[in-house]
1. Which value does Rg/Rh take for region 170-273 over its C-alpha atoms, Rh per Kirkwood?
2. Set the bar at 21 Å for Cα to Cα. Now go through Lys209/Lys247; Lys189/Lys220; Lys220/Lys250; Lys189/Lys209; Lys169/Lys189 and name every pair that lies beyond it.
3. Which length gain, in nm to one decimal place, applies between Ser185 and Thr37 when the Cα-Cα distance is subtracted from 0.36 nm times their residue separation?
4. Give me the distance in nm between label points sitting 7 Å out from Cα along the Cα-to-Cβ direction at Glu192 and Val255, one decimal.
5. Where both partners of a DSSP beta bridge lie in region 170-273, what percent of those bridges are antiparallel, to the nearest 5?
6. Could you give the length gained on full extension between Lys94 and Ser268, defined as 0.36 nm per residue of separation minus the Cα-Cα distance, in nm?
7. Using modelled backbone amide H atoms (1.01 Å from N, in-plane), which distant-in-sequence or interchain residues come within less than 5 Å of Ile176's amide H?
8. Just want the answer: with Cβ charges of +1 for Lys and Arg and -1 for Asp and Glu, which residue in Gly183, Thr246, Pro206 is farthest toward the dipole's positive end in region 170-273?
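Every number here is computed from the coordinates shown, using simple stated rules; none is lab data. Note that the structure is a prediction, hence the values are computed from the model and not measured. Glycine gets a Cβ as well: all are built from the backbone with ideal geometry, and neighbour counts include every protein chain shown.
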Amino acid sequence: MDVNKILSADILDIIFEGRNKDYGAYDLRKTYNKRITYALIGTMLICALFLVSTLVSGNGKKGKTELIVQDVSLENVKQEEKRPEPPPPPPPPKQEPPKVEITKFTPPKIVKDEEVKEQDEIKEVEKLEDTKIGTINQEGTKDEGIVAPPVESGTGVVEAPKQEEDYDKVFTVVQIPAEFPGGLSSWAKYLERNLNRDLPVENGAPPGKYTVIVSFIVSKDGSISDVVAENDPGYGTKAEAVRVITKGPKWKPAVQNGRNVIYRHKQSITFMVSEE
């Protein structure tokens, strides 16, 4: 484009200088303002038509809503007649207990016959069998006596109250003693694996049997405590027996009346030294 035409040329002509203007992009940009104007005019026309139609339809007949308020006369409402409640039943007549014939008790007193009053006269024993003895004389029915309840026959043996056993104490005698897990065979295997059987020989023990009796506490959960050797054959056997039980596993707890209890158990361990 010539320099003289640049000042008067459109911006689109400058952008699309030397390009294909028939492709479509040039034409779209060239007619952009015209298309926007047409779109705005069309939108305004549609809005105007919608507004006019609304106004025209609003001028037609409108439905009316009426409220009817009416008083209700209570005379026209039939009320349910209340039935009279039946009168309460009369209270039962009070029945007085039957009077029992009572004979006044007169303490014996030595006086002249003419001084004895009729109410103070001592009645004969036969006449007092069917009457009650009281402080006044009263006429009434004869005393038929009171029937005593039957006496239940018993064995004559009175059981002493049972004392509840203390399950938190240390038992020495129980129904099921404590036991090494697996029984005696497992206990023998445990000693073979963990006991230093050559200890007496190493300490110069002569041939023979060296038995250590060890007592210890087996708690309710089977744990071992308070391991004590009750004798000492010597040559290190006491300390070795205490050591192997102390470091051992938990035992099966003792049982008394179906409950796990604390039990003082005794266990013997014998070292046998033989001649070579």
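1. 1.01
2. Result: Lys209/Lys247; Lys189/Lys220; Lys169/Lys189 exceed 21 Å.
3. 42.3 nm
4. According to this spin-label approximation, the distance is 2.9 nm.
5. Antiparallel: roughly 90 percent of the beta bridges in region 170-273.
6. Stretched out fully, the Lys94 to Ser268 stretch lengthens by 53.8 nm.
7. Answer set, sorted by chain and number: Val255.
8. Gly183
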